[in-house]
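Q: Here it is, the structure in full.
The values are calculated or read from the model by the stated rules, or taken from the named source; none is laboratory data. Since the model is a prediction, treat every value here as computed from it, not as a measurement. So basically every Cβ, Gly included, is an ideal-geometry build from the backbone, and we count neighbours across all protein chains shown.
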DNA sequence: ATAAATAATGTAATCGGTTACATGACACAG
DNA sequence: CTGTGTCATGTAACCGATTACATTATTTAT
């Protein structure tokens, strides 16, 4: 006991609501002192682990309440070497894809009492590494999204002991735990759908060069063409690129009667370009996208696409990572690559040249 | 010096890349030992504060590199009582509004070397408080978005010493540092624009009841009507609500010749409903939204709306909060309410019944 | 009644940084 | 050659939790 007087605190004049004035944050020792117990007991009550008398528990909880005590996270993490935080490194934060992903991750994280640190790297490999380094030690595990295979693997390296879950769309992860969309299968399904609805000249607007998912989708497209020669134009996943690509496709003769765009935004851009040029969709040209962003159901004609349940994927990612963290240095390294299979969602944009109708099948909330 | 032998480390057989085997994470003491300096010097080098010989600096940095040393964040935060992390509590994570906001915040955070913890509360006041409590001590400051005035104020209370920046759309923040959209001014501008383009029966589709921003926009609408009686139908910010509301408006006679929806998603829903019913936009009815989500420029007719630079708002928020954190218990409490004025973006949906054309004035990138 | 087992609580070491203060080295003036 | 000031570095206390182990109280067995 120090020299400080020990008498019971006189309820402060301003303490009308029964709270301490608290000029400085209370520590576990303050709580212990006020509850007349040891710091060990306080810790035990707060972590619900050991056997504790009901009396003690009450006393501690009252003191906690009165002092508005919140454990110091840093101190806790210092002794437990856990942070209850997981880091997410994204190539970008723009667009509905990432917002959906974060939503799913947040859901899972909350459910497990974890916190989420997000950071974007603007697609730059070097920045990805920087983000990673700065997160190291701050999180119990990380989820890294990168369109480049190399970046993701480097990441897992730099991370050292920190578990890393890779989500970069590549299936071949060299034994790293990962989750990936079946881009190949999705592309094949898209082409087959177009073929099945009678299309014969199917073009592809591909994603950014060097982007792993773009490559795989393009490859899937080419492999599914039944005899027809591939018609591929470059894109970069933006709506503007889709617009430009469609313009180039219209200049071809014979003009393609179907377009498989590597993502929805490009598909939308293409649809607008066709519309502006008086080329009717789906009558003259069918359009199919990839992702099923909410927008796909809001445009007219509504867009046929391959649905990836993005939020669900984010949820799974977090859950999987938490598993990895708990496994720790255990055996059973969970080295699997989980594959998410996109589902074909047929809407108006690929109708067989005679169907119409209105079926706004999804809605999107927006706040403010 | 302990009993452990002190001889120079034999370069490990696996250390081909010049790195330590590192079975456990290196501490500052390991670095000090390897660099043959004291922990104080290591700390000084790493924090760049004090005077340090070039020789020492090199030795330390080499050791850091070799051991892949990363300071333990918890320990650091324990002694400095800083976390270099800021928390963001959102009512929801759904939709483009929040994704844009987070994007802007991330940008600013990175620029200042801060980390971002995000969490959503699903609009529930109780959950907002829970999120807040669990973040307390984990962050240096928080940004709280809440559509309910009460929640935001409670939040600032619960936070205790942690600085809180409120962004809830309410202008009257009782002296709390805040950033808010000028919802009233925006609504007035919307109505005035409709009046100026010759509309005479202007209806309003309002946002969710109890939502502060919805209330203010509705109030602004009513106040700007020049003599005309208000025509207000309920909504909840979703596209589906806009659709339903428009259906009800079409049943009125005489039918309104203009609709001001409290956000873009409802405006889009309304436009679709009109379109399906054969009511032409803008010829028969003008539609104006609020927010300027990327989608607004992608639909046909393109949507006139009030642009709020959401990402910029997020950036400002973080910057402002960092200011608050640095000010600390200083005087000059920075109690201002910063106001963001939305800008009218005129597009096709409010053309004066004779204009047409194609002007896809914005594009949106999407990744995968 | 006493020993042994069990339950509840307390004491103090520990985690890994930062930093006030102490110490040592060195230069230069006298 | 000594004293003094400056600069670089080292020592050790401290931040606030957790938890192994020690201690005390309580129950049960004999």
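Q: Run down A:101, A:116, A:165 and say which single residue is part of a helix (DSSP H, G or I), under 14 Å from the mean Cα position of the chain (by Cα) and not assigned by TED's automatic domain parsing to the domain that holds residue A:238.
A: Answer to the selection: A:101.
Q: Next up: From B:277, B:262, grab the single residue that is modelled with pLDDT of 90 or more and out of contact with any strand residue (DSSP E or B) (no Cβ under 8 Å at 6 or more places or on another chain).
A: Criteria check complete, one pass: B:277.
Q: Now, a different point. Residues in region A:34-67 that are closer than 23 Å to residue B:79 by Cβ and more than 7 Å from DNA strand C (Cβ to nearest atom): how many?
A: Matching residues across region A:34-67 total 4.
Q: Answer yes if at least one residue in region A:66-73 is more than 24 Å from residue B:82 (Cβ to Cβ), more than 6 Å from DNA strand D (Cβ to nearest atom), outside the structural domain of residue A:138 (by TED's automatic domain parsing) and surrounded by fewer than 16 Cβ atoms within 10 Å (Cβ to Cβ), and no otherwise.
A: No, because not a single residue in region A:66-73 is more than 24 Å from residue B:82 (Cβ to Cβ), more than 6 Å from DNA strand D (Cβ to nearest atom), outside the structural domain of residue A:138 (by TED's automatic domain parsing) and surrounded by fewer than 16 Cβ atoms within 10 Å (Cβ to Cβ).
Q: Cβ-Cβ distance below 6 Å, separation of 6 or more or different chains: which pairs start in region A:34-63 with a residue that is assigned to a loop (DSSP other than H, G, I, E, B) and end on one that is more than 10 Å from DNA strand D (Cβ to nearest atom)?
A: A:37/A:56
One line per residue, one yes/no per condition, for (1) surrounded by fewer than 17 Cβ atoms within 10 Å (Cβ to Cβ); (2) out of contact with any helix residue (DSSP H, G or I) (no Cβ under 6 Å at 6 or more places or on another chain); (3) more than 21 Å from residue B:110 (Cα to Cα):
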{"position": "A:44", "(1), (2), (3)": "no, yes, yes"}
{"position": "A:47", "(1), (2), (3)": "yes, yes, yes"}
{"position": "A:77", "(1), (2), (3)": "no, no, yes"}
{"position": "A:82", "(1), (2), (3)": "yes, yes, yes"}
{"position": "A:95", "(1), (2), (3)": "no, yes, no"}
{"position": "A:106", "(1), (2), (3)": "no, yes, no"}
{"position": "A:113", "(1), (2), (3)": "yes, yes, yes"}
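Q: Scan region A:203-225 residue by residue and report those that are part of a helix (DSSP H, G or I), out of contact with any helix residue (DSSP H, G or I) (no Cβ under 7 Å at 6 or more places or on another chain) and either within 13 Å of another protein chain (Cβ to nearest Cβ) or touching a residue at least 40 places away in the same chain (Cβ under 8 Å) (or both).
A: Residues satisfying the conditions are A:214, A:215, A:218.
Q: Additional query: Looking at A:135, A:142 in this structure, which one is within 16 Å of DNA strand C (Cβ to nearest atom) and within 24 Å of residue A:211 (Cβ to Cβ)? Show your work before the answer.
A: Working: A:142 fails: within 16 Å of DNA strand C (Cβ to nearest atom).
Every option except A:135 fails the conditions.
Q: What number of residues within region A:92-106 are within 22 Å of residue A:326 (Cβ to Cβ) and at the interface with chain B (Cβ under 8 Å from one of its Cβ atoms)?
A: Qualifying residue count, region A:92-106: 1.
Q: Of these, A:246, A:261, A:240, A:297, which one is buried (at least 24 other Cβ atoms within 10 Å of the Cβ) and under 30 Å from residue B:240 (Cα atoms)?
A: Numbers: A:246 fails: under 30 Å from residue B:240 (Cα atoms); A:240 fails: buried (at least 24 other Cβ atoms within 10 Å of the Cβ); A:297 fails: buried (at least 24 other Cβ atoms within 10 Å of the Cβ).
Going through A:246, A:261, A:240, A:297 in turn, the sole match is A:261.
Q: Report every pair of residues separated by at least 6 positions or lying on different chains whose Cβ atoms are under 7 Å apart, first residue within region B:79-97 and within 30 Å of residue B:292 (Cβ to Cβ), second assigned to a strand (DSSP E or B) and within 16 Å of DNA strand D (Cβ to nearest atom).
A: Pairs found: B:86/B:139; B:87/B:139.
Q: Now for a separate question. Identify all residues within region B:71-98 that are assigned to a helix (DSSP H, G or I) and away from DNA strand C (no atom under 16 Å from the Cβ); write none if there are none.
A: Those that are assigned to a helix (DSSP H, G or I) and away from DNA strand C (no atom under 16 Å from the Cβ): B:96, B:97, B:98.
Q: Now, a different point. Go through region A:133-146 and count every residue that is more than 7 Å from chain B (Cβ to nearest Cβ) and either touching a strand residue (DSSP E or B) at 6+ places or on another chain (Cβ under 6 Å) or in a loop (DSSP other than H, G, I, E, B) (or both).
A: Total satisfying the criteria: 9.
Q: What residue, of A:25, A:63, A:40, A:51, is crowded, with 17+ Cβ neighbours inside 10 Å, over 30 Å from residue A:236 (Cα atoms), more than 38 Å from the chain's Cα centre (by Cα) and within 14 Å of DNA strand D (Cβ to nearest atom)?
A: Only one candidate passes the filter, namely A:63.
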